[in-house]
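J.: Before we start, here is the structure in question, set down as structure tokens.
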Amino acid sequence: MGKEANSGSTANKQNPVGKFFGNLGNDFKEIGLTFVEGDWKTKVSFLIMGFGPIMRKQFVRGLALLAVEVLFILYLVGFGWNYLKDIGTLGTVARVMNDNGTYSYNDNSFLILLYGILTIVLIFVFLLVWRVNVRVNRNEEKLLAAGKKLATNGQDLHSLLDSNFDKTLMALPFTGVMVFTALPIVFMICIAFTDYDANHQPPTNLFTWVGLENFKNMLSFGTSGIGSTFLTVLGWTLIWAFFATFLTYFCGMGVAIMINKKGIKFKKLWRTILVVTIAVPQFVSLLYVYKMFANDGLINTYLMKWGWISSYIPFWSNPTLAKVLIIIINLWIGIPYTMLITTGLLMNIPEDLYESARIDGATGFQMFRSITLPYMLFVTGPFLLTQYTGNLNNFNVIYLLTQGGPQSMALSNKAGYTDLLVTWLYKMTVNDTNYRMAAVLGIMVFVVTAVISLAVYGILPSVKDEEGFQ
Amino acid sequence: MTTGSMKTKRAIGNTITYIVLIVISIIWLFPFVCMFLQSFRSMNEGGGGMVDYLLPKQFSLDSYAFLFSEESKFVRWYGNTLVIAFFVAILSTMMVLCVSYALSRMRFKGRTVLMRFWLILGMFPGFLSMICLYFLLKQFGLTQEGAIPGLILIGVASSGMGYYVTKGYFDTIPKALDEAARIDGASRARVFFTMILPMSKPIIIYALLTAFMNPWCDYVFASYVAFGYSDSYNVAVAMQRWVWTNDYQGYFTRFCAGGMLIAVPITILFMCLQKYYVEGVTGGAVKG
């Protein structure tokens, strides 16, 4: 036992996995010691949570622990177990026909999976609370043995507003994220390993585990696979995010420099005009712009009236035109935002830097390249990264303008040439109810985002050297 | 001589800058001006569809009248969106403030693990969880007829994850202030409510403003949760249908009118609070 704990502590310094198991080993040791050294109240607490604290007159903690145990058992017996037991198969009989010709529904794969996951999570939570229960008992006994007084119930409650205020603050937000973000994501990750699609819809049909089949399909380049479509969409997603981020960034900075320029009047007016685009909800402005460039929209009709073109320009049905136009319209959306951010930062650059450069005879462009740009890139590095990953998932601009179109026979699963991974995911979910592939796609989006974030985060100068420019 | 040439050079530079700025302003305002003009076109011209000229030949309030008539549910949709935006703004700001204070000021067990976990969760696309959320809401009767509280719930539940900007702001408030108050016997809660919050007015307004503006653009969840039940649509879902569905020909000027009714109040609100928005956005961008 001692030897194990030792090896655990050496592993502590080496890697997080070793640390985890080291801690786990120490935990078990402490639990064992608590049981061996504890009095009868503590021993009973191992089965009936909170028994020890209640006997020691710490009713608030004791009753809270007891309530957790009672609720958990009620949940597990009355509800959770029914679903958890079938999670290996996700159900065997979807429905049976009654004598009178109606159906009665039996197993629902969706419910089994969802509540099965929920139950597993709750079991872990319960084990954690049980562990807390053991520790509470141990600490109380130690305090009593040392001749100190235990915290009164009032003090316990008051600590929730003071030393334990973090628990009060975090309780609701944490639960919210767990139930409404974490649980659904875990559920959908599981869906990626099942055959849940239009042909396997509960409650009339079952779906079941299929292993890695969906991933193979996504990455297979034969006639049946959708690998080539996936690569097309992924490629455009990356290109789009690149242009949407950097073009907007530099143009926005350019506009900010122009407005900040000495001798330019009405600075506030220019800024306000640009900022209107941020204020107007995107669905209004983007849908209107979409209509402006439609075949019978303002742009085409005016160009024809003036005799510049003889037939309308197919802005939205030509893939290349559509892509270019989207990037340009995104400039219209994005420049005000970068302008706002860079304006404040540009003013932070010490004026004497420019002054001395000017004396040395530097031109405006040289000053921009060797003073402004390095400073801005340094300061806004993390911002650029979040912008890039945000643009990878920029649903609104794409969906409101083209809905991913133009579509093509060359692309499978109804993908279009301007589809991003997320808009394709959305269409798969809503139009095709092809949940299995949508889930795979979601995981792919995560992988792309995570890889880029990790790779770029490591080389950001402002992360490496926080004091660099100060 | 040299100063003279410098001056002319600068004057030319400024003139070019003015020209560019004026062109930019025209481009940026052009769609809104068009929309404004077209919203006043009469239904007798082009039947409310798209036409090949900009200035209405005959000024009329047809489109606006339609929006407020019995025929259209626009007022209801507008109300829906307003209710959602209002509650989401208040509740999610409260969530964000709680999380930010706890993460900025307190060092509890599992703090870094939690922050990393939420960061990773944030890398999954939101729609991935859509069908699961829909199902969860349905269990509580919060879809279709109950879509409004449902959408509020979705908007608020996970909002704690967006703590970055606010926490960054709290981090800049010196900790010495907290400690001094705590030595005087103030509890954490007291410090939070009577010291930190009053000092954070700009960032609270920023959080309220951004949270208030989000629901106006929410198309994805709103259309999914309210599916097929038009009383529960928000403006984005409802007006989307006007633009996209070809059967809805004639709704173009109505879309313009509705767009104006939505854009104008929000823009005014935004302009009034612009100072706080810029502060929040700039601070958030630099801290990353």
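What follows draws every value from the coordinates through simple rules; no lab data is involved. Here the structure is a predicted model, which means the values were calculated and not measured. No Cβ is skipped: glycine too gets one built from the backbone with ideal geometry, and neighbour counts run over all protein chains shown.
J.: Using the reciprocal of the averaged 1/r over all distinct C-alpha pairs, how large is the Kirkwood radius of region A:38-211 in Å?
T.: In region A:38-211 this quantity evaluates to 19.3 Å.
J.: Put one equal scatterer on each alpha carbon of region A:283-363, apply the Debye formula with no solvent term, and list log10 I(q)/I(0) at q = 0.23 1/Å to two decimals.
T.: Log-scaled intensity ratios, in q order: -1.11.
J.: Whats the longest run of chain B with zero GluC sites (Glu not before Pro) that are DSSP loop and have at most 14 other Cβ atoms within 10 Å?
T.: Details: sites that count: B:E70, B:E71.
Segment B:72-288 is the longest.
J.: Another question about this same structure. Helix A:421-430 against the longest principal axis of chain A: what's the angle in degrees, Cα atoms only, rounded to the nearest 10?
T.: Roughly 70 degrees between the two axes.
J.: Which whole-number value in Å³ per residue fits the convex hull of the alpha carbons of region B:2-65?
T.: 98 Å³
J.: In Å and whole numbers, how far do the C-alpha atoms of region A:227-464 stretch along each principal axis, longest first?
T.: Cα spread of region A:227-464 along its principal axes, largest to smallest: 63, 52, 29 Å.
J.: Continuing with the same structure: Taking a cut-off of 18 Å between Cα atoms, list the lysines near B:K9, but don't count ones fewer than 8 places away on the same chain.
T.: Result set, ordered by chain and number: A:K261, A:K262, A:K265.
J.: Looking only at trypsin sites (Lys or Arg not before Pro) in DSSP loops with at most 12 other Cβ atoms within 10 Å, what is the longest site-free stretch of chain B? The partial results should precede the final answer.
T.: Details: sites that count: B:K57, B:R107, B:K109.
That would be B:110-288.
J.: Add +1 for every Lys or Arg and -1 for every Asp or Glu among the other residues with Cβ under 15 Å from the Cβ of B:L153, and state the total.
T.: Numbers: positive: B:K138; negative: B:E145, B:D218.
Here the count lands on -1.
J.: List the aspartates and glutamates whose Cα sits under 17 Å from the Cα of B:K73, skipping any in the same chain fewer than 8 residues away.
T.: B:D62, B:E145, B:D231
J.: While we're looking at this one, here's another question. Across peptide B:153-166, what mean number of C-beta atoms from other chains lies inside 10 Å of a residue's C-beta?
T.: Mean partner-chain Cβ count within 10 Å for B:153-166: 3.
J.: What distance in nm separates the simple spin-label points at B:I120 and B:K57, each placed 7 Å from Cα in the Cβ direction?
T.: 6.6 nm
J.: Using DSSP loop states and a limit of at most 11 other Cβ atoms within 10 Å to flag GluC sites (Glu not before Pro), what is the longest stretch of chain A containing no flagged site? Working shown, then result.
T.: Values: sites that count: A:E466, A:E467.
In short, A:1-465.
J.: Given a cut-off of 27 Å, name the pairs among A:K43/A:K148; A:K268/B:K201; A:K167/B:K175; A:K267/A:K323 whose C-alpha atoms lie farther apart than that in the structure shown.
T.: A:K267/A:K323
J.: For region A:193-276, taking Cα atoms only, what is the radius of gyration to one decimal and the Dmax to the nearest whole Å?
T.: Cα only, region A:193-276: 24.8, 73 Å (Rg, Dmax).
J.: Express the relative contact order of chain B as a whole percentage, based on alpha carbon pairs under 8 Å and six or more residues apart in sequence.
T.: Answer for chain B is 31 percent.
J.: Return a whole-number percent for the relative contact order of chain A, with Cα pairs under 8 Å and 6 or more residues apart as the contact set.
T.: 14 percent
J.: Further question on the same structure: P(r) for region A:229-321: what percent of alpha-carbon pairs falls in each 5 Å bin, starting at zero?
T.: That works out to 2, 10, 11, 14, 16, 17, 16, 9, 3, 1, 0, in percent per bin.
J.: Expressed as cubic angstrom per residue, what is the convex hull volume of the alpha carbon set of the protein assembly as shown? All intermediate terms of the calculation are to be shown ahead of the outcome.
T.: Numbers: hull volume 176.9 nm³, N = 758.
Cα convex hull per residue, to the nearest whole number: 233 Å³.
J.: Another question, if that's okay. Lysines within cross-link reach of A:K19: Cα-Cα under 16 Å, excluding same-chain residues under 8 positions apart?
T.: Partners within reach: A:K3, A:K29, B:K109.
J.: For region B:71-287, place one equal point scatterer on every Cα, skip the solvent, and apply the Debye formula. What is log10 of I(q)/I(0) at q = 0.08, 0.11, 0.16, 0.17 Å⁻¹?
T.: Log10 of I(q)/I(0), two decimals: -0.36, -0.65, -1.15, -1.23.
J.: Which whole-number percentage describes the relative contact order of region B:2-65, with Cα contacts under 8 Å and a sequence gap of 6 or more?
T.: The value is 28 percent.
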